[in-house]
2 protein chains.
Amino acid sequence: MNIPKSHPRYKSLLYREKIVEGINRGYTSQVGLVAHGRGEAFDYLLGEKTSSYAHAACEAAVAKLMSTRSVLSANGNVAALCAEEYVTLSKVLNAPIEVNLFYRTPERMKAMEKRFLEAGAEEVLGLAEDAEIQIESERRKVDSRGIYSRETVLVPLEDGDRTEALKRMGKFVIAIDLNPLSRTAKKADITIVDNIVRAVPLMVELAKKKPRWRGFDNAANLAGSMAIMQQNLSNSQ
Amino acid sequence: MNIPKSHPRYKSLLYREKIVEGINRGYTSQVGLVAHGRGEAFDYLLGEKTSSYAHAACEAAVAKLMSTRSVLSANGNVAALCAEEYVTLSKVLNAPIEVNLFYRTPERMKAMEKRFLEAGAEEVLGLAEDAEIQIESERRKVDSRGIYSRETVLVPLEDGDRTEALKRMGKFVIAIDLNPLSRTAKKADITIVDNIVRAVPLMVELAKKKPRWRGFDNAANLAGSMAIMQQNLSNSQ
């Protein structure tokens, strides 16, 4: 599909097309489109830009990810929307990418691995399926060298069940989630309320400055993002 | 897919599956899933129930639809989510259903017609393509006996361009749109900020009481819906 660059919703339509491409290439599920639409709505309320709160959350996230043994979880929408940037982040943080899917099939796992190898990853974890975490869904299947054993897990576009399971295991969970009301947003140690297509490149930039970990008040940060959404809901009347 | 009724998000998952079924049967486009996701987010902020504002908007809408020559526009998500209820509404209001699609193909038009005939409609407008309204998209193709000539148009899950074009033609536009900030929501004469799966059956019930048209302040009503969303954004901290 040809989208004219002059279209007022050009970027929005482009990202949608990337997810459709992910579906056609087998690494993204159709349900990824629903999740994307949900994200579009919350991003709209954020004004479609990275807030100062999201910026602070990205900085804290990078500091934590760099100072501990970390892993970057990946799902179909990450593969569709920002595979290259995710690989770059993985390299600057020296943290592997692990594929972890709710709608897991061997074909999708292989297509995900292929997508990240194409994007420049040297290795992609998650296909080994040699460990489990305590949840019922297919997301329980993890890699002993990755999510299972690492202290800090970056979980973009997450489901609440897994976040809770990772917290029970004592891990430090960093979420990227446009919905500040989600279970994940509330349970994570750091929640980056931002669109991954903006947050991931920003994290790459921030990592180059090697920020130091200074602690983080997630509840206060979430309240800040919610205040922006509330403000946008009243301004637009 | 079997969804256990005990699942906390049972209804949400069920409606999602209905859209996937619509895609598989050819009447819903993949982009319908994105629109659905967007709706899910706004519905979440509404508390997933019909507000007093939405109830008042439904009542005014029914009064207007009953007292003027009306038509009910239908797209792929309406067909997927509430075809039967839409046909019932069409009958109680004595207003025909007209299919009008952004991603229009002859196959989708036929599949839409089939879906509404199955659901009990006696006739489905929109396939004749014998008139046009002033927009560039495929949505310009309308039926001379329907959208083109009728005074009042119900447009669920709408795009802003068409709403503006219908307004320029002097029509009374009633929108069902979960996003109170959308162009459609602001431009329509009545905007029902509610999920179609709740609003359409409610309109059927209200129509039986034959409400009288008493005028409607759409800006005030929209502000009420936005206030609910703002409230939910702060309560959930």
Check your understanding: ³J(HN,Hα) across the range B:20-30 via Karplus (A = 6.51, B = -1.76, C = 1.60, θ = phi - 60°), whole Hz, x for Gly/Pro?
Key -> 4, 4, x, 5, 5, 8, x, 9, 10, 8, 4
Review point. Taking θ as phi - 60°, what are the ³J(HN,Hα) couplings along the range B:64-69 by the Karplus curve (6.51, -1.76, 1.60), each to the nearest whole Hz, with x for Gly and Pro?
Key: 5, 4, 7, 9, 9, 7
**Study point:** the range B:52-235 - convex hull of the alpha-carbon atoms, volume per residue in Å³
**Key:** 108 Å³
Exercise for review: Run down the aspartates and glutamates and flag those whose C-alpha is under 19 Å from the C-alpha of B:Lys49, throwing out any fewer than 8 positions away in its chain.
Suggested key: B:Glu40, B:Glu59, B:Glu85, B:Asp177, B:Asp194, B:Glu205
**Study point:** Closest-to-axis residue of chain A (Cβ criterion, axis taking A to B), whole Å
**Key:** A:Gly37, 1
Exercise for review: Could you work out the equivalent-ellipsoid semi-axes for the range A:27-146, taking the square root of 5 times each eigenvalue of the Cα gyration tensor, largest first, in whole Å?
Suggested key: 24, 19, 14
Check your understanding: Which of B:Asp194, B:Asp130, B:Asp177 moves most in a GNM of chain B, Cα contacts under 10 Å?
Key -> B:Asp130
**Study point:** Relative contact order (percent, whole number), the range A:52-235, Cα cutoff 8 Å, 6+ residue spacing
**Key:** 28 percent
Practice item. Between the label point of A:Arg168 and that of the same position in each other copy, find the distances and list them shortest first in nm, with every label point placed 7 Å from Cα along the Cα-to-C-beta direction. Key: 5.8
Review point. Any idea how many Lys pairs in the range A:52-235 come in under 13 angstrom at the alpha carbon, given 8 or more places apart or on separate chains?
Key: 6
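If you average the sequence gap of Cα pairs under 8 Å that are 6 or more apart and divide by the length of the range A:1-158, what percent do you get for the contact order?
24 percent
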Study note, to complete from the structure: Taking placed amide H atoms and a strict 5 Å upper bound, the residues 5 or more places from B:Thr191 or on another chain that come that close are B:Ala175
Check your understanding: Counting Lys +1, Arg +1, Asp -1, Glu -1, what net charge surrounds A:Asp43 among other residues with beta carbon under 13 Å of its beta carbon?
Key -> +3
**Study point:** Kirkwood-Stokes translational diffusion coefficient of the protein assembly as shown, alpha-carbon pairs, 20 °C, 1.002 mPa s, µm²/s
**Key:** 91 µm²/s
Check your understanding: Relative to the other copies, what are the label-point distances for A:Glu123, with labels 7 Å from Cα along the C-beta vector, expressed in nm at one decimal and sorted shortest first?
Key -> 7.0
Practice item. Would you mind telling me which residue in B:Thr50, B:Thr191, B:Thr28 has the biggest mean-square fluctuation in a Gaussian network model of chain B, where springs connect alpha carbons within a distance under 10 angstrom? Key: B:Thr50
Point to revise | 3J(HN,Hα) from dihedral phi, the range A:110-117, Karplus parametrisation 6.51/-1.76/1.60, rounded to Hz, x for glycine, proline | key: 5, 5, 5, 4, 4, 4, 6, 5
**Study point:** Rounded Å value of the spacing that divides the Cα centres of the range A:1-64 and the range B:175-212
**Key:** 28 Å
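Coordinate-derived values only; no laboratory data. Here the structure is a predicted model, which means the values were calculated and not measured. Note that we place each Cβ from the backbone using ideal geometry, even for glycine, and neighbour counts take in every protein chain shown.
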